[in-house]
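Notes for the one structure printed next.
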Amino acid sequence: MALAHSLGFPRIGRDRELKKALEAYWAGKLDQPALLQVGRELRARHWQVQADAGLDLLPVGDFAWYDQVLTHSLTVGAVPPRFATDAVPTLDTLFQMARGVSRGGKQTFACEMTKWFDTNYHYLVPEFSRDQGFSLQWTQLFDEVAEAQALGHAVKPVVLGPLSYLWLGKVKGEGFDKLELLERLLPVYVQIFNRLAEQGVEWVQIDEPALVLDLPADWKAAFESAYNLLQRAPLKKLVATFFGGLEDNLGLACNLPVEGLHVDLVRAPEQLPLILDRLPTYKVLSLGVVNGRNIWRCDLSAALAQLSQAKERWGERLWVAPSCSLLHSPVDLQREDQLDDELLGWLAFATQKVDEVSLLARTLNTPDDATVREAIAASDAIQVARRQSKRIHDPAVAARLTAVKAHDAKRNAAYPEREWLQQQALKLPAWPTTTIGSFPQTTEIRASRQAFKQGRLAEAEYIDAMRAEIELVVREQEALGLDVLVHGEAERNDMVEYFGEQLSGYAFSRFGWVQSYGSRCVKPPIIYGDISRPAPMTVEWTRYAQSLTSKPMKGMLTGPVTMLMWSFSREDVSRELSARQLALTIRDEVVDLEAAGIGIIQIDEPAFREGLPLRAAAQPAYLEWAAAAFRLSASGVKDTTQIHTHMCYSEFNHILDSIAAMDADVITIETSRSDMQLLEAFSDFAYPNAIGPGVYDIHSPRVPQVAEMVRLLRKAARVVPAKRLWVNPDCGLKTRGWPETRAALAAMVEATQLLRAET
Ligand code: GLN
Ligand code: ZN
């Protein structure tokens, strides 16, 4: 009998109950027993959903108060000294590590947060010191195992594996090789496993996603030695790999001295024959065939075709699973009441995905069962209907893409010539000042937008309200003496949703929330079909803004790569194809803005780096098409029109050539927090176009000093010639209030004037 299991379930709750409870607890409006109760209820509900679906083994340890990596740091006793007290860590210690503490003017910085592999989930980076010790300190996992058992469930605890855990951590203080810590860490794993075994646990799932990465030789060797040591633990171990193929680690993974291996067949279906060839048949083989990272209904027959290849030889040692933890899926499609039936039929959220996993196992076990056969037939019918749906395939979009020529993705003149032409047209002063786009989103702005959306405010009144905001923002910028103005983005709720709502091929869920970090969730729009632009999207607002001033007004758009990365994407076409379709819609908008008299247009690409594949070998191809999609969106204009782009981070290692290949006339980036250090990468030699290194951090209400910014700009001018430097904040100002925004920008303009006076 094939067995059905899941690698993990979303913890946030169908109605984001965990988010609400956490935020209430942090605000002092909910006490700890009540918070604990919310967690208990969510776990119980999620286990029940999975048990009702018919899963044979339920994950425990997938619940976390903030982040599963953070929980694991507590479990193994890796609490950074600045949070450690003599007492054992408490739930508040955990929250302090996640959120920092400020007490009596004293700041204790939170642990760093970074992206979990190539997902949009962020984990808290473990910190290791040279004398790092480990000890079993935190009993959440065991408590939750007991909790699930008491509810009558068959459980399979989930633990982050020792190598992946070390890999994800960061060395603090004196440099050393963190792999040296393995020897000290493993005894804690032995203790964890012994204790689980005492609780009657048969199987433990050990997540080792690091096995899908390019690993140095000593790390590969460490996998072998670590698992040799853990071999003696008195329970069965399933090593879980996901987010990619094992590739050069395939032999290593297949031969680890453990009882089972989980592989991701959604991301890497091509590894199946090799796994079947290399994995000893006495081991359990868990095949991840239901996509844990997207919202599409599984093509069950296609999944069955994969499973059948393993069924004969593996028999009851074949397990069926989602590709990865369902943490990355929204919770329940049942909640969606505003999507039409056709689209609903194409979708599956976590609750539906566990049904799919269970159904697949049942199909393997009892293929002649009538309900099973019906379900498979229904799934096939939906796949066929979807493939043929007119909503997905737009011949006009396809025709237009075919007609794209290489020169469409290239500006006419090279940058130096464009720079001269643009200077003739724009006549900007030295050290031109600008902002990144948004201005404070006040409560009134949000209220008008919401009232309009809900039909409580007539369109004409809404337009008047937004125009009044635009006028206010223009007057403020003029008073401040900024050189290149923006309209302030008052009409936008979100930089992707705003455009998605105006494009064909996009749909929006109401409850499709996915945890991003801690209590934060995102609700990515859904790209389901070919994308086109029925009508101009920003032209009227921008034209109006320009009509109010003689200063250049910068048009503001979201780039094709960011539109794609922050949406759920199609699986029936490549990401590249959707990016090119998006690029054409943005290109049309750019051209329309130019025709409306807008001479500077910014195409934001904050998610450009995010799409980078995990394996080095796959990165060049991505960077190539991503930069090309950007250029396709930007190159419909005359050379006199100045194209800006913006990325709100500072990590450009290894991708600078591709950033240069985007060929934006100006790029604005985040630099203030790194003290302009990253700018080194942008030296004259490496990056030829103009750069606006952010001179102050917009994440805090703190108003920067003039002298601070002068110093940063002088520092920048040592790396990049001053004539190619712009002056701007790190990112948009929408989360800030007006008083600090005004003060900070005034100081920024003053700093600029001091520099101008010097030259
Ligand atoms: N133009 C956007 C803004 O100013 C850019 C946001 C971003 O970089 N994430 O808000
Ligand atoms: Zn930004």
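The values are calculated or read from the model by the stated rules, or taken from the named source; none is laboratory data. No experiment lies behind these values; they were computed from the predicted model shown. Ideal geometry is used to build each Cβ from the backbone, glycine not excepted, and the neighbour counts take in all protein chains shown. Remember, those area values only see protein heavy atoms, side chains included, never the ligands or the DNA or RNA. Shrake-Rupley method; radii C 1.70, N 1.55, O 1.52, S 1.80 Å.
Note on the stretch 263-414: the C-alpha convex hull projects to 13.6 nm² when averaged across all orientations. By a 1.4 Å probe calculation restricted to protein chains, Lys236 has an accessible surface near 80 Å², given to the nearest 10. The smallest convex shape that holds all Cα atoms of the chain, its convex hull, gives 168 Å³ per residue. Share of carbon and sulfur in the accessible area of the stretch 14-64 stands at 50%, probe radius 1.4 Å.
Think of it this way: in the chain, Cys111, Cys254, Cys298, Cys324, Cys521 stand alone, with no other Cys Cβ under 4.7 Å.
With coordinates expressed along the principal axes, the C-alpha atoms belonging to the stretch 158-311 extend over 52, 36, 30 Å, beginning with the largest.
Distant-in-sequence amide contacts of Val290, defined by a placed amide H-H separation under 5 Å and a gap of 5 or more residues or a different chain, comprise Ala321, Ser323. Taking amide H as placed 1.01 Å from N in the peptide plane, Arg736 has its amide H under 5 Å from the amide H of Gln441, each at least 5 places away in sequence or on another chain. Tally Lys/Arg at +1 and Asp/Glu at -1 over every other residue whose Cβ is under 15 Å from the Cβ of Val101; what's the total? With Lys, Arg at +1 and Asp, Glu at -1, the net is +3. The accessible-area ordering, largest first, of the residues Glu41, Glu336, Glu478 stands as Glu41, Glu478, Glu336, per a 1.4 angstrom probe. The convex hull around the C-alpha trace of the stretch 6-153, projected and averaged over every direction, spans 10.5 square nanometres. Pull out a ≥ b ≥ c, the square roots of the eigenvalues of the alpha-carbon gyration tensor of the stretch 568-683, then state rounded if a/c is under 1.5, prolate if not and a/b is larger than b/c, and oblate in the remaining case. It comes out oblate by the Cα gyration axes. Charging the Cβ of each Asp and Glu at -1 and of each Lys and Arg at +1, and nothing else, the dipole of the stretch 1-139 about its Cα centre rounds to 380 debye.
Kirkwood radius for the stretch 653-759, taken over all pairs of different Cα atoms as the inverse mean of 1/r, rounds to 14.1 Å. Listed cross-link partners Lys19/Lys172; Lys390/Lys523; Lys523/Lys638; Lys29/Lys115; Lys115/Lys734; Lys453/Lys523 are compared with a 28 Å cut-off, the Cα-Cα value being larger for Lys19/Lys172; Lys523/Lys638; Lys29/Lys115. In the chain, the calculated helix contribution to ellipticity at 222 nm averages -13000 deg cm²/dmol per residue, counting -39,500 (n - 2.57) for every DSSP H run with n ≥ 4. Of interest is the spacing of the C-alpha centroids, which for the stretch 26-49 and the stretch 69-83 amounts to 22 Å.
Ranked by the mean number of other Cβ atoms within 10 Å of their residues, highest first, the peptides 95-104, 116-125 fall in the order 116-125, 95-104. DSSP assigns beta bridges within the stretch 86-198; of those with both partners inside it, close to 75 percent run antiparallel. Taking a straight Cα-Cα cut-off under 22 Å and skipping sequence neighbours fewer than 8 places away in the same chain, the lysines within cross-link reach of Lys237 are Lys156, Lys220, Lys283, Lys311. Based on alpha-carbon centroids, what's the gap between the stretch 432-469 and the stretch 563-610 in Å, whole number please? The distance from the Cα centre of the stretch 432-469 to that of the stretch 563-610 comes to 23 Å.
Take the Cβ atoms of Glu461 and Val171, set R0 to 45 Å, and the FRET efficiency comes out at 0.20.
Antiparallel DSSP bridges in the chain: what percent, to the nearest 5? In the chain, approximately 20 percent of DSSP beta bridges are antiparallel ones. Taken over the stretch 599-642, the convex hull of the Cα atoms encloses 64 Å³ per residue. Within a straight-line Cα-Cα reach of under 16 Å, Lys715 can be paired with the following lysines, leaving aside sequence neighbours fewer than 8 residues apart in one chain: Lys723. Here, the stretch 532-589 is characterised by an Rg to Rh ratio of 1.11, where Rg is the alpha-carbon radius of gyration and Rh the Kirkwood radius.
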